[in-house]
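The values are calculated or read from the model by the stated rules, or taken from the named source; none is laboratory data. A quick note: this is a predicted structure, and the numbers were derived from the prediction, not measured. Heads up, the Cβs are rebuilt from the backbone with ideal geometry, glycines too, and the neighbour counts pull from every protein chain shown.
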Amino acid sequence: MKNQQTPRRFRSQDWFDNPDHIDMTALYLERFMNYGITAEELRSGRPIIGIAQSGSDISPCNRIHLELARRVRDGIRDAGGIPMEFPLHPIFENCRRPTAAIDRNLSYLGLVEILHGYPIDAVVLTTGCDKTTPAQIMAASTVDIPAIVLSGGPMLDGWMDGELVGSGAAIWKGRRQLSAGVIDNDKFLEIAAASAPSSGHCNTMGTASTMNAMAEALGMSLTGCSAIPAPYRERGQMAYETGRRIVAMAHEDLRPSAILTREAFLDAIVVNAAIGGSTNAQPHIMAMARHAGVELKSEDWMEYGYDVPLLLNMQPAGKYLGERFHRAGGVPAIMWELQQAGKLRSDRLTATGKTMVQNLEGRESHDREVVFRFDAPLRERAGFLVLKGNLFDFAIMKTSVISETFRERYLNTPGSEGIFECKAAVFDGSDDYHARINDPALGIDENTILVIRGAGPVGWPGSAEVVNMQPPDALLRRGITTLPTLGDGRQSGTSDSPSILNASPESAVGGGLAYLRDGDKVRIDLNTGRCDMLISDEELAKRKAEGIPEVPPSQTPWQEIYRSTVGQLETGACMELAVKYQGVAKVLPRH
Ligand code: FES
Ligand code: MG
């Protein structure tokens, strides 16, 4: 049997079977027995496997994990481990105010403390909603005990009036139709409900599906794990197999540090482009890499990702939703294409105990409407375009969702203009946007760029998904449904807006956006990757002397701590002081 190799002494035995500290051992053991675990079990030398439970009533996207944990436990027990489930700080993208982003680092911190301070030898990370995936992988790296990802899986496909309606995407479309007077409030709510037909996380290739795909691409889950819809029978089976596998990983001492290499992160960047992944993958991949001690540069997004073609026909970049993606082969089918094309560095170890090359054997897709061939892709050059200029040192643009007309006109294809100049309408946060977007005095027309600031990690606080601003109602009624947008916040992974986002440094820490004003000209050159405000040096100096726009005060202690420790989106919005801690489980905490 795989899991009965060289016997090793697990860290939990320092709690439960420690002859030097029999007094402490008695104390550690007694309370676990009060719910029926025996001292013999805990002293048997079997690994204690944590199940980091991300599901709860206020985490509906991950709530399926409350069910799946039973199958995880079955797998752990069958393989000879002892399961211990514990809760994580919840992160629910759509409901957490002022933004769920502020909880990624908090949930990370909490999990680090649990894994370090309790007798846990290995852990199953239960992922789903956007930030639940990076938060847990970051913590697994900091602690560095064997860890495996179990995705909860997307919801079933949504349908309305005979058409597919995907999470997030349906809301963005619905609110445009509402503003244009095409639908009423009741219809809007009906569409929203139809897009969320079952348990699971977002069924589009939004941030949740993207980050679970990233976990799989990194090699942190079993093969094919991420795309299985939450209610499918394979999801429960995957939970069982994941439970079995983590026990073997504990015996093999297969830790995140052996899996999360630079090669793994470069492959994640490539896969993200091929699936038309969320722009939120940029900060989260940077954060996971930094916590893993892997050097990833901002330039890597262009160098390794930009030229990668779009292979997956899934909303928002394409047409289908999660069920069809799963049936078409999921992430392994996409990686199979990339592997054949020589685009991956997949001769690397994964959670399966095998290399990624081995995992991908025989994973070619049979549904070519969904998974396109590498040499006949859905779209060329689907990666993030990295920009810089006097407005910021770093920002990205997701090219795979941009309309064909815009791409032909501006993107660096032969014959395109590449450069566009527009007039800025500048908003200080989303309240200001809502208050003024329909003000005729702003003179917003088709040559306007909508700019939002005060939306970064420090400014908001937490960095909000607000950059995908919709045009004023008057323009929507004329059929102009998108304008270019720019901001120091993020945008929903389900959005199809041509946005320049994640601008770093943000306005609140004195980035160039702080000095932009309504009516300024902004020039964007997509050939050279520049984005600049066209104002004189004297004028800029004058504005700098006037200071930066105010941001709202912190409302809770964590908001204040978060603000004082967080970095910029370019480098993952990490809690900066935490990045230096790697492999903290190497040294046991004192009694
Ligand atoms: Fe939770 Fe999309 S809102 S997965
Ligand atoms: Mg989101």
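Determine whether ASN280 is within 16 Å of ligand 1 (Cβ to nearest atom), polar (S, T, N, Q), modelled with pLDDT of 95 or more and in contact with a strand residue (DSSP E or B) (Cβ under 9 Å, 6 or more places away or on another chain). Walk me through it before giving the result.
Working: within 16 Å of ligand 1 (Cβ to nearest atom): yes; polar (S, T, N, Q): yes; modelled with pLDDT of 95 or more: yes; in contact with a strand residue (DSSP E or B) (Cβ under 9 Å, 6 or more places away or on another chain): yes.
Criteria met by ASN280.
Which one is farthest from the chain's Cα centre (by Cα), of the residues in the stretch 382-402 that are closer than 15 Å to GLU299 by Cβ and of a type in the set (Val, Ile, Thr)? If we take residues in the stretch 382-402 being closer than 15 Å to GLU299 by Cβ and of a type in the set (Val, Ile, Thr), then VAL386 is farthest from the chain's Cα centre (by Cα). Within the stretch 146-165, the set of residues being not in a loop (DSSP other than H, G, I, E, B) and not hydroxyl-bearing (Ser, Thr, Tyr) comprises ALA147, ILE148, VAL149, LEU150, PRO154, GLY158, TRP159, MET160, GLU163, LEU164, VAL165. Based on what the data block shows, is ASN212 within 16 Å of ligand 1 (Cβ to nearest atom) and touching an Asp or Glu at 6+ places or on another chain (Cβ under 9 Å)? The answer is no for ASN212. GLY168 meets the conditions (1) at pLDDT 95 or above; (2) at positive phi; (3) not hydrophobic (A, V, I, L, M, F, W, C) in every case but one. The failed one is (1).
Please note which helices (runs of 4 or more DSSP H) are completely contained in the stretch 9-59 and include at least 1 residues that are free of Cβ contacts under 8 Å to residues at least 24 places away in the same chain and of a type in the set (S, T, N, Q).
Those helices (runs of 4 or more DSSP H) span 22-33.
Name every residue in the stretch 171-184 that is aliphatic (A, V, I, L, M), in a helix (DSSP H, G or I) and touching a residue at least 24 places away in the same chain (Cβ under 8 Å), in order of residue number. If the condition is that a residue be aliphatic (A, V, I, L, M), in a helix (DSSP H, G or I) and touching a residue at least 24 places away in the same chain (Cβ under 8 Å), then ILE171 is the only one that fits. Taking helices (runs of 4 or more DSSP H) as the structural unit, those lying wholly within the stretch 306-381 and holding at least 2 residues that are under 23 Å from LEU266 (Cβ atoms), over 20 Å from the mean Cα position of the chain (by Cα) and without any contact (Cβ under 8 Å) to a residue 24 or more places away in the chain correspond to 356-359. Among the conditions (1) at positive phi; (2) within 16 Å of ligand 2 (Cβ to nearest atom), ASN62 misses just one, which is (1). Of the residues in the stretch 138-157, at least one is more than 30 Å from PRO47 (Cβ to Cβ), away from ligand 2 (no atom under 16 Å from the Cβ), at pLDDT 95 or above and under 24 Å from the mean Cα position of the chain (by Cα).
When the stretch 138-170 is filtered for residues that are in contact (Cβ under 8 Å) with a residue 40 or more places away in the chain and over 30 Å from TYR118 (Cβ atoms), the ones remaining, listed by number, are PRO154, MET155, LEU156, ASP157, GLY158, LEU164, GLY166, SER167, GLY168, ALA169. For the stretch 238-254, the set of residues classified as in contact with a helix residue (DSSP H, G or I) (Cβ under 8 Å, 6 or more places away or on another chain) and closer than 18 Å to THR127 by Cβ consists of ALA239, TYR240, GLU241, THR242, GLY243, ARG245, ILE246, listed by residue number. Scanning the stretch 82-132 for residues that are within 16 Å of ligand 2 (Cβ to nearest atom) and in a strand (DSSP E or B) turns up just one, THR127. For the stretch 185-204, filtered to residues that are out of contact with any Pro (no Cβ under 7 Å at 6 or more places or on another chain) and either closer than 12 Å to ASP130 by Cβ or hydrophobic (A, V, I, L, M, F, W, C) (or both), the residue that is nearest to ligand 1 (Cβ to nearest atom) is ALA196.
I'm checking my understanding of the structure. Among residues of the stretch 37-88 that are crowded, with 16+ Cβ neighbours inside 10 Å and acidic (Asp, Glu), which one is farthest from ARG9 (Cα to Cα)? Taking the candidates together, the pick is GLU67.
Against the conditions (1) of a type in the set (Lys, Arg); (2) farther than 20 Å from TYR240 by Cα; (3) modelled with pLDDT of 95 or more, ARG71 satisfies every one except (2).
Of note, THR405 does not satisfy the criterion of being out of contact with any strand residue (DSSP E or B) (no Cβ under 6 Å at 6 or more places or on another chain) and modelled with pLDDT of 95 or more.
Here's the yes/no breakdown for (1) among the aromatic types (Phe, Trp, Tyr); (2) surrounded by fewer than 15 Cβ atoms within 10 Å (Cβ to Cβ); (3) at pLDDT below 95:
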{"residue": "SER492", "(1), (2), (3)": "no, no, yes"}
{"residue": "SER499", "(1), (2), (3)": "no, no, yes"}
{"residue": "LEU526", "(1), (2), (3)": "no, no, yes"}
{"residue": "ARG563", "(1), (2), (3)": "no, no, no"}
{"residue": "LEU569", "(1), (2), (3)": "no, no, no"}
{"residue": "LYS580", "(1), (2), (3)": "no, yes, no"}
{"residue": "ALA585", "(1), (2), (3)": "no, no, no"}
